[in-house]
Structure formats: structure tokens, C-alpha cells
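Step one of this worksheet: look at the structure below.
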Amino acid sequence: MPLLNFSEIPPATGASKDTEAFEKFAKDFFVSLRGAKITKSVGRGPDGGADLIVTVDGENWLVSCKHYLSGNYVPPEKELDPEGRLKQWGCKKFVAFYSPGPTSGLEQKLRQTQANNPSFVCELMDSGDIEREMIATASAEGWLLAMRWFPSSFARIATSLVFPLRVHSEQSVVEGDDYAFLPGIGLSALFRPRDDAAASEAREILTLHANETATSKAFAGIFQARVEDFVQLVPGSFVKPVFLTNDQLTVHDVFPSWDLTLIRRLASTSNRVGLLNLCRVWSLWGGHLAETAYLYAQLLLQYGDNAEVRQLDGETSIQNLSSHLRTIDLTNTAVIRQKLEELSFSELANGAITTERGYFAALLCFCPGGLRSFIDRPLGAAALAHHHGEYQQLERAAFALAETFCPADRAYVHGKSPTLRQLLVSIKFIQSDALDALAVANPALRCLSDPMIEHWVPAGNPPPFLGKALGFRT
């Protein structure tokens, strides 16, 4: 269901109070979200919509604005000679900015024009695309734009933003004498037979958890888009598994790089705001590790020439760094300890500028549960085994290692290992360095020696105003 009701913007036809409303909205949209400058506005009558010429990163775009009442799509005859108009105004890209969208005939016309003439660059945006850029993939500017142009829709969104979706109801719960479950959800509860109070509580808890899960899934894309914005601003700040492409990633497949070289680089340029916001973002994946990174950053900023601090220059592991920092007396000074308070949301709420607070509000509001600080090594090894065609070899090697365990541990491994990943988890549970032992015993297996992660490099560019606000000028 669409979040924004485009009928809140008056159409260009009929008894409209403002026949130029949609054109004005388009100007706001491109200025606020694309960093455009409005070069020219070309009216083409109430039925033909309007053309805008906008300049984005030094390139002129021709924006064709058409806004029809809900259910009335833009037909081919309403978009006359887009290629000729593009040449007439000396523009590089044609943007079809439509509400609710084009008919299939017009979409085919634009695609065919592009196919026949590669120099004709076309971006087609219907009301769904416009909404997603404003709400799902924009920053606070997108929300402000929605508040200005869609006040009724915005009020409805804002009042329900931090409430769980009501996808499941208690009526969906299936009950027996002493159990209850939600079909297709994988949630169940047991209680005393024929205990009505316990059954009622079970229904409520199951429904609550199911709706929380549905809400997390629904908002995960918004959260991931915000993290992508940050990674585009700060290359090297996050990593992903080597066996997944960007299109396959979910929010649970990306992890902070915990890159101490990045911390040193930012500290060397005295980028205090950037360091603070980097560690704030990382803290959603691991509060203690983010504090370690920020504590190290403050030592570099305050006491960079101290001999004990300089000894940490070659450290690459944030876990080892955490141990080393405890041995340095400077880490316990009041100046350094007070700096850690800057990571708190209290400091963010009271000390950050509006754009910073808006960015982190989106992260907090849409953050799903279960974010992990590092890639799960058994999962990574199993996935790499599939990737390299080494599944059977790794499975045989793991079971061979299990044969060296005592009978009870062997029985545990065989009983708990229906999949390769669970097999690796089982042997690691019995022998903590099992995967290292497998790598030494089987040097030819790439799944045990190849890197499991690489820098995450998402496509696209962050909103132009975000870098300055977070301390990373682009």
C-alpha cells in the first residue's frame, strides 16, 4: 500500500486550485534530494504538463512533469517527441516524472526511443519511485518534503512510524489443550493444559513477536539504504561476504570493518566529527567495540605523540586493541573517559545538528534486531565450500576431525549436524580451534584459507548534504 497519497497535490486539469502544483513539487524534489539547480521552467498547457530544465553536477536534465488523478495513467500521445525536446534544450538526460505513472504504451515508447538512439538517456519515475526516494532512500530532507507536500499522508506515517505493523492477529493463532502456534511463522508456546489465562497470554505474546518480526522485515530496506549512504561517504567502513553480490545482501550480511587504519587516517586529519559519527554507526553492531575504537581515536587526537600510544600503530585487530588499551594509564584519565559519553544518544540529541539527528533517528527507528559484529565463521566456511565446489571435501575433513573426539563428543557431533554449517558449529563447540585445525590439516581447501570478507562498495552516491553534516565532505 502506498505511503503517500498523490491526490494531495492538485492536478493540472479541471477545477484545480493550483495547476502548477506538481511542477512546484518536482522543483522541490530535485533541489532537495538531487542537489539540483532549476535552470528553466517551460509550461506546455494543462493537458501537456510542464518541462523543467534542472542542472545536476553540471549536467542539464529535461524533466517532463505529468500529474493525473489516481488511476489515470499518462498515455503515449501526451509525451510528444521527447528526443527532439531533449535536443532542443541541449540536455543530457530526459526524466519522465509522472504520477501515477505511464501507460504500458508510453513506457514502451520511451524504452524504444532509448533503444533506437543510445544518446537518448531516459530515467522513468512513477509515483512509487518518487515515494521510495523520498521515504525509503532519502534522509531527513525526504521526510520534510513529504511533510510539506503530503501533510495528511505524513501525519498518518509519523504517528505510526515507531509502532509495529499489525500483520498478524490473535485470531490467526492455532491452539491445542496445552500449546499454541502461528502457522508459517515458526513460533510456538506451551502451557498447562486447559489453562485459559496462560493460553490468552500465549496468543498475545505470539502475535506480538510475529508482528515485530514482520515490522523488522518491512523496514530493513530503509535501514540498509541509510547504511549504504554512510558506506558511500566512508569507503572501507563496512565489509561483506565475498560470496554474496551487492544485490544479494541483506542488513544481516554486512558488518563494520573495525578498521584501525581508517581510525588512524581520520585522526591524522583531526576529523573529530567524522570519527564520532563513524563510531556511532558502528555501535549498532557492537557497543563495546565501538567504544574501543572511539577510545583509541581520542588517544590519537589527545596524545598522539605518546610512546605507549605509538606502540599501537601496528595493531590491526580491534579485539587485541581492547586488551592493550587497558594497560595504558592514559585511557583512565577523566578527559578520555568523558569523551566516551559523546557516543551516547543523550549527547546526540542535545549536541548534534538537525541533519545528524535525523540520520541517526532513521537508523534507530528502522534498525532490525540481530545485527552481528563479525561474519559467522562456520557459515562463511560452508558458503565458501559451496562457492568453490568443496562441499564434500570439507564435510569429510570435518567428520574426520570429529573421529578424534571421545565417543560422547562424536555422538554429539553426529546428532547435531544435519547441514555442513551445523557440522562446523558442532566441532567448533567441542574444539574451539577446530576450523584452524582443519585449515592446517587441509591446506588445499580454499574455503578454509581464502578471505571470507571484502570491502562493501555499494553503487550510487549519498545525498549531497549528508557528508558535510556527518563530518565527511564529498
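The values are calculated or read from the model by the stated rules, or taken from the named source; none is laboratory data. Just so it is clear, the model here is predicted, and its values are computed rather than measured. Note that we place each Cβ from the backbone using ideal geometry, even for glycine, and neighbour counts take in every protein chain shown. For accessibility, only protein heavy atoms count, side chains too; no ligands or nucleic acids. Shrake-Rupley method; radii C 1.70, N 1.55, O 1.52, S 1.80 Å.
Summary table below
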item	result
Per-residue SASA entry for residue 3, accessible area with 1.4 Å probe, Å² rounded to 10	70
³J(HN,Hα), Karplus 6.51/-1.76/1.60, whole Hz, each residue of the stretch 206-219, x for Gly, Pro	4, 5, 4, 5, 5, 5, 5, 5, 5, 5, 4, 5, 5, 9
Straight-distance crosslink candidates among lysines, where the alpha carbon sits under 30 Å from residue 87 and sequence neighbours closer than 8 are dropped	24, 27, 37, 40, 66, 78, 109
Along each principal axis, Cα extent of the stretch 181-255, largest first, Å	58, 23, 17
Gain on full stretching of the segment that runs from residue 212 to residue 123 - 0.36 nm per residue minus C-alpha separation	28.4 nm
All-pairs Cα distance distribution in the chain, expressed in whole percent, bin size 10 Å	4, 15, 19, 22, 20, 13, 6, 1, 0
5 angstrom amide H check on residue 74, placed H, neighbours 5+ away	101, 103
Selection from 117, 128, 98 lying farthest towards where the dipole of the stretch 91-132 points positive, charges on Cβ	117
14 Å beta-carbon shell around residue 339, net charge (K/R +1, D/E -1)	-1
Amide H within-cut-off set for residue 95, under 5 Å, with H built and near neighbours excluded	62, 63, 64, 123
At most 15 other Cβ within 10 Å, DSSP loop - trypsin sites (Lys or Arg not before Pro), the stretch 188-228	194
FRET E, pair residue 18, residue 188, Förster distance 41 Å, beta-carbon r, rounded to 0.05	0.15
In Å², nearest 10: area of residue 156 left accessible to a 1.4 Å probe	110
Nitroxide proxy distance, nm - points 7 Å out along Cα→Cβ at residue 391 and residue 403	2.3
FRET efficiency for residue 265 and residue 436, using Cβ-Cβ distance with R0 set to 25 Å, rounded to 0.05	0.20
Gain on full stretching of the segment that runs from residue 468 to residue 167 - 0.36 nm per residue minus C-alpha separation	104.5 nm
List 456, 149, ordered by accessible area with a 1.4 Å probe, largest first	149, 456
Highest-first arrangement of 110-121, 387-398, 257-268, where packing means the average Cβ count within 10 Å	257-268, 387-398, 110-121
The stretch 163-285 - percent relative contact order, Cα under 8 Å, separation 6 or more	17
Built amide H within the under 5 Å cut-off of residue 179, gap 5+	191
Summed side-chain charge close to residue 264 - residues other than residue 264 whose Cβ falls under 13 Å, Lys, Arg +1, Asp, Glu -1	-1
Cut-off 12 Å between beta-carbons: net charge of the residues surrounding residue 309, Lys and Arg +1, Asp and Glu -1	-3
Computed E for residue 332/residue 72 - FRET, C-beta separation, R0 56 angstrom, nearest 0.05	0.25
Rel. contact order, % - alpha carbon contacts under 8 angstrom, at least six apart, the chain	13
